[in-house]
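Q: Pasting a structure here, questions to come.
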Amino acid sequence: MASSKQSTSTAISQMKSLFRQFLRITTSDGRIFLGTFTGTDKHLNILLANAEEFRFAPPEEINPAGRFVGLIMVPKRLIVKVEAPEGAVASDVGASDQDDAMYT
């Protein structure tokens, strides 16, 4: 029981360390959202402020600058990957071995 409580405590501290950090969220429908993490709701949907949306589409339809969407909620069921700048997560989380130094 103590182990479960400790892991919950660690998860909460890691989540708090991401507050006000810039996140990159990839969704199952091929979109990427870049924005400032402002929290989650009860269902663990992610809230982003000052967010931009980028889509994978045919070259003639792509807007390379993306689209400003402001304050958004990304549904948990659509989230494939969440990335944060390296070092943004609490120090007890291991660093990424990926070549992309900006995100872990």
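Q: Suppose R0 equals 22 Å. What FRET efficiency, 1/(1 + (r/R0)^6) with r the Cβ-Cβ distance, do residue 67 and residue 20 give to the nearest 0.05?
A: Values: r = 23 Å, r/R0 = 1.03.
So the FRET efficiency works out to roughly 0.45.
Q: Beyond 22 Å, what share of the Cα-Cα pairs of region 2-83 remains, rounded to the nearest whole percent? Provide the component values of the computation, followed by the final result.
A: Working: 1012 of 3321 pairs.
The share of Cα pairs beyond 22 Å in region 2-83 comes to 30 percent.
Q: So what's the net charge close to residue 76: Lys and Arg +1, Asp and Glu -1, counting the other residues with Cβ under 12 Å from its Cβ? Write out the running numbers ahead of the final one.
A: Values: positive: 42, 77; negative: 41.
Value of the local net charge: +1.
Q: Right, another one. Report the chymotrypsin sites (Phe, Trp or Tyr not before Pro) located in region 13-70 that are in a DSSP loop and have at most 14 other Cβ atoms inside 10 Å of their Cβ, or state none. Can you show the working numbers first?
A: Values: sites: 19, 22, 33, 37, 54, 56, 68; in loops: 19, 56.
The qualifying sites are 19, 56.
Q: When the chain is fully extended, how far beyond the present Cα-Cα distance does residue 79 get from residue 13, taking 0.36 nm per residue of separation? Walk me through the numbers on the way to the answer.
A: On the way: separation 66, 0.36 × 66 = 23.76 nm, distance 2.10 nm.
Gain on extension, residue 79 to residue 13, equals 21.7 nm.
Q: Enumerate lysine pairs in region 3-90 that are 8 or more residues apart or on different chains, then count those whose Cα atoms are under 18 Å apart.
A: On the way: 5/16; 16/42; 16/76; 42/76.
Close lysine pairs under the 18 Å cut-off: 4.
A short reminder: the numbers here are calculations on the coordinates, not readings from a lab. Source: prediction; values computed, not measured. We place every Cβ from the backbone using ideal geometry, glycine too, and count neighbours over all the protein chains shown.
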